[in-house]
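The values are calculated or read from the model by the stated rules, or taken from the named source; none is laboratory data. These numbers come from a predicted model, not from an experiment. Don't worry about glycine lacking a Cβ; one is built from the backbone with ideal geometry, like all the others, and counts go over all protein chains shown. We work out accessible area using only protein heavy atoms, side chains counted, and drop any ligands, DNA or RNA first. Shrake-Rupley method; radii C 1.70, N 1.55, O 1.52, S 1.80 Å.
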Amino acid sequence: MRYKKSDDRIIANPTIRLSQQEYRISADGTVQHLHVGADGETEWKQTKYQIDERCMLITKTKVRNIMPGDKPVYSLVFNVDDGIPTNANRDIKKYHGWCGTTPIVTIHAYGLRKIIDIIHLKCGDISIKLSRDLKPEGKEVNITDEWLPVLNSKITSGEFGRPLTSAELTAIRKRGYKCAHGWIVVMYDNSPLRGICYKEYRHSGDYNNTGIKVEMKKGVTTWKY
């Protein structure tokens with residue numbers, strides 16, 4: 001089975017980078033943004049970039065003046081726990097997929113997330129690490145705390161994962177979890193030995209987080225935690 005390598009497929013644990021030219025971490029550890037007033041005066045103001053803060057992950061893709069190499073720009077939207085309003089009808093809100101097109105950009109939503117780490121990079125920029133999708137199908141996902149030792153081989157296909165085998169699916173069912181043919185496993189924290197199970201969302205063709213965490217069987221290989 002082949003998977004299209006596209007930003008519209010799986011975004012398991014994404015990160016957002018904030019430029020040091022516009023953002024900084026203050027002495028008390030909060031992320032601040034440089035605000036420029038109408039009179040040209042500058043002021044550092046506190047932002048919503050805080051641990052455990054919920055936000056929507058979106059992309060904005062140019063529809064005009066597109067240059068070679070232009071890519072979707074990822075950003076976060078806060079105070080929208082019920083989804084992103086569509087520009088066709090502001091009362092209709094979405095967690096996933098196309099949310100509308102303006103004369104300038106097209107907006108896509110990639111789920112409700114939570115900030116799980118804020119890292120001050122050596123270059124001066126700030127990296128914001130996000131959780132998995134909290135509402136993969138519009139409902140809160142219950143992430144299990146246990147790692148199921150069911151994998152028979154490494155996850156070798158990078159961020160887009162690999163299909164779970166029949167034996168692996170059977171092992172998941174024996175541990176009391178529902179699963180189905182066509183599910184895939186995506187690397188967790190860039191490890192080929194641990195992953196998160198995803199299933200295809202029938203309405204969009206995207207793959208969404210099931211909340212089931214799996215790891216390599218004991219004896220198949222060894223690793224250090």
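For the reader, a short list of remarks on this structure follows.
- Leu57 satisfies every condition listed in (1) closer than 27 Å to Asn190 by Cβ; (2) surrounded by fewer than 13 Cβ atoms within 10 Å (Cβ to Cβ); (3) under 22 Å from the mean Cα position of the chain (by Cα); (4) at pLDDT 85 or above except (2).
- Region 148-170: number of residues that are open to solvent by less than 20 Å² (accessible area, probe 1.4 Å) and in contact (Cβ under 8 Å) with a residue 24 or more places away in the chain: 7
- Total residues in region 65-86, condition among the polar types (S, T, N, Q) and either within 16 Å of the chain's Cα centre (by Cα) or surrounded by 13 or more Cβ atoms within 10 Å (Cβ to Cβ) (or both): 2
- Pairs meeting the criteria (first residue in region 171-192 and without any contact (Cβ under 8 Å) to a residue 40 or more places away in the chain and of a type in the set (D, E, K, R), second residue open to solvent by 40 Å² or more (accessible area, probe 1.4 Å) and part of a loop (DSSP other than H, G, I, E, B), beta carbons under 9 Å, at least 6 apart or on different chains) are Arg175/Glu146.
- Residue match in region 122-129 (condition: surrounded by 18 or more Cβ atoms within 10 Å (Cβ to Cβ) and modelled with pLDDT under 90): no
- Scan of region 130-149 for residues that are modelled with pLDDT under 80 and more than 21 Å from Tyr110 (Cα to Cα), ordered by number: Thr144, Asp145, Glu146
- Count of residues meeting criterion [within 18 Å of Ala27 (Cα to Cα) and charged (D, E, K, R)] in region 108-124: 2
- Any chance Arg24 is closer than 17 Å to Tyr74 by Cα and either among the basic types (Lys, Arg) or without any contact (Cβ under 8 Å) to a residue 24 or more places away in the chain (or both): no
- Scope region 23-47; condition part of a loop (DSSP other than H, G, I, E, B) and modelled with pLDDT of 95 or more; matching residues: Thr47
- Subset of region 30-54 [surrounded by 10 or more Cβ atoms within 10 Å (Cβ to Cβ), touching a residue at least 60 places away in the same chain (Cβ under 8 Å) and over 17 Å from Cys123 (Cβ atoms)]: Tyr49, Gln50, Ile51, Glu53, Arg54
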